[in-house]
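J.: Take a look at this one; I'll ask things after.
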Amino acid sequence: MKDLVLYCKSYRRDFLRLKRLLVSIQKYNVDQIPFYISTPQDQCEELKNILGSNIDYHWVSDESIIAANPRVKPGIEKTRSGSLAQQAIKSEFWRLGISETYVCLDSDCIFLKAFGRQDFIAPDGNPYTVIYQNKEFFQLAINRNHSKIVQNLCLEGDRVRALFGRNEPNYYCPCPPFIWSAKVWRSLDEQFLLPRSLTFWDISTQDHPETLLYLEALLNFQAIPLKPIEQLFRIYYYDWQFYLLRRLGESEDRLTKNYLGVIYQSNWDSDLDLGVSDKSLLSRANKRVKRFLRYLQSYL
């Protein structure tokens, strides 16, 4: 078993973003940390065609990850939305026994500078944990009259915290890369799920995102020492946030002073979507108009 790998669960629409991520890993991965990708089995050949033969990675199927849990029925991913299936699959990657710790990336991540093992693993061999209260983003959202975003995230944190009965502040790690320990996932399975005859697929819902489930498992069962760090990438959750911060002077070059990389979240940055959009021409035009209005709003 390796002590550390990089991992990304992807699917067809994100393959061009994934290729961009792979190029950045190839450029900046100074310790040559192995990189694993999972996709549905039937998308493997298309993935290989798009990524080409000049980039080093290891592929595993989503189906093999699902099958690694004997308590889960084959094909369960087909009974969930794409987003819920994705968060369960990437949270169950540890079951393959490939690595004790994995850095879970999304396809829209981009590394901007050299990185290595020391960015994810402490000198004593335990992984760092990205954990914080998210106050900077909350304040920015409130300042820009997006208080609903704050309310929704706070309620999300309340629900997951209540699931475990922890009566302390909410903590967050909404932004990849996530540094995940198999020991923490195993403690969640053995100390919470098994006694209740549940699987991760049962509790991984819209109300209980995988990022918060991991943090709560760590805080409650303490399978590893808590070694907190702040987020490793700058993430632009929304186009209004991107426009505002860029207008204030933020750039990729300046981001490298504090961050390893950047994320232009695909829910608004759709330029690298693979294939033809299933949205109507009117819908796409309306989206572009709204995006331009949010750009103008960043000057207010």
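J.: Give the residue, chosen from Ser83, Ser91, that is within 19 Å of the chain's Cα centre (by Cα) and without any contact (Cβ under 8 Å) to a residue 12 or more places away in the chain. So that I can check it myself, show each step before the final result.
T.: Numbers: Ser91 fails: without any contact (Cβ under 8 Å) to a residue 12 or more places away in the chain.
None of the other options fit; the residue is Ser83.
J.: Which numbered condition trips up Arg234, out of (1) in contact (Cβ under 8 Å) with a residue 40 or more places away in the chain; (2) buried (at least 19 other Cβ atoms within 10 Å of the Cβ)?
T.: Arg234 satisfies all of (1) in contact (Cβ under 8 Å) with a residue 40 or more places away in the chain; (2) buried (at least 19 other Cβ atoms within 10 Å of the Cβ) except (1).
J.: Right, another one. Which members of region 183-220 meet the condition of being of a type in the set (Val, Ile, Thr) and farther than 22 Å from Gly82 by Cβ? If you could, list the steps in order and put the result at the bottom.
T.: Going residue by residue through region 183-220, those that are of a type in the set (Val, Ile, Thr) are 184, 199, 203, 205, 211.
Hit for region 183-220 is Val184, nothing else.
J.: With the structure loaded, tell me whether Val160 is under 22 Å from Cys104 (Cβ atoms) and in contact with an Asp or Glu (Cβ under 6 Å, 6 or more places away or on another chain) or whether it fails that test.
T.: Values: under 22 Å from Cys104 (Cβ atoms): yes; in contact with an Asp or Glu (Cβ under 6 Å, 6 or more places away or on another chain): yes.
Considered against the rule, which asks whether it is under 22 Å from Cys104 (Cβ atoms) and in contact with an Asp or Glu (Cβ under 6 Å, 6 or more places away or on another chain), Val160 comes out as yes.
J.: Sticking with this structure for a sec: Can you tell which of Leu16, Leu6 is assigned to a strand (DSSP E or B) and either hydrophobic (A, V, I, L, M, F, W, C) or in contact with a helix residue (DSSP H, G or I) (Cβ under 6 Å, 6 or more places away or on another chain) (or both)? Reasoning before the result, please.
T.: On the way: Leu16 fails: assigned to a strand (DSSP E or B).
Going through Leu16, Leu6 in turn, just one is assigned to a strand (DSSP E or B) and either hydrophobic (A, V, I, L, M, F, W, C) or in contact with a helix residue (DSSP H, G or I) (Cβ under 6 Å, 6 or more places away or on another chain) (or both): Leu6.
J.: Within region 134-153, is there a residue that is in contact with a strand residue (DSSP E or B) (Cβ under 9 Å, 6 or more places away or on another chain), at pLDDT 90 or above and surrounded by 14 or more Cβ atoms within 10 Å (Cβ to Cβ)?
T.: no
J.: Considering only region 171-194, state which residues are in a strand (DSSP E or B) and aliphatic (A, V, I, L, M). So that I can check it myself, show each step before the final result.
T.: Going through region 171-194, the residues in a strand (DSSP E or B) turn out to be 172, 178-181.
Once the filter is applied, which keeps residues that are in a strand (DSSP E or B) and aliphatic (A, V, I, L, M), region 171-194 yields only Ile179.
J.: Kindly indicate whether any position in region 58-67 is touching a residue at least 24 places away in the same chain (Cβ under 8 Å) and of a type in the set (Phe, Trp, Tyr). Lay out the reasoning, then the answer.
T.: In the first step, residues of region 58-67 are kept if they are touching a residue at least 24 places away in the same chain (Cβ under 8 Å); the result is 58, 60, 62, 64-66.
Cutting the leftovers down to of a type in the set (Phe, Trp, Tyr) gives us none.
No, that holds for no residue.
J.: Still on this model: Let me confirm something: among Asp269, Asp239, which residue is modelled with pLDDT under 90, charged (D, E, K, R) and surrounded by 18 or more Cβ atoms within 10 Å (Cβ to Cβ)?
T.: Numbers: Asp269 fails: surrounded by 18 or more Cβ atoms within 10 Å (Cβ to Cβ).
When all the criteria are applied, what remains is Asp239.
The values are calculated or read from the model by the stated rules, or taken from the named source; none is laboratory data. Quick caveat: nothing in here was measured; it's all calculated off a predicted structure. Reconstructed Cβ throughout: ideal geometry from the backbone, glycine too, with neighbour counts over all protein chains shown.
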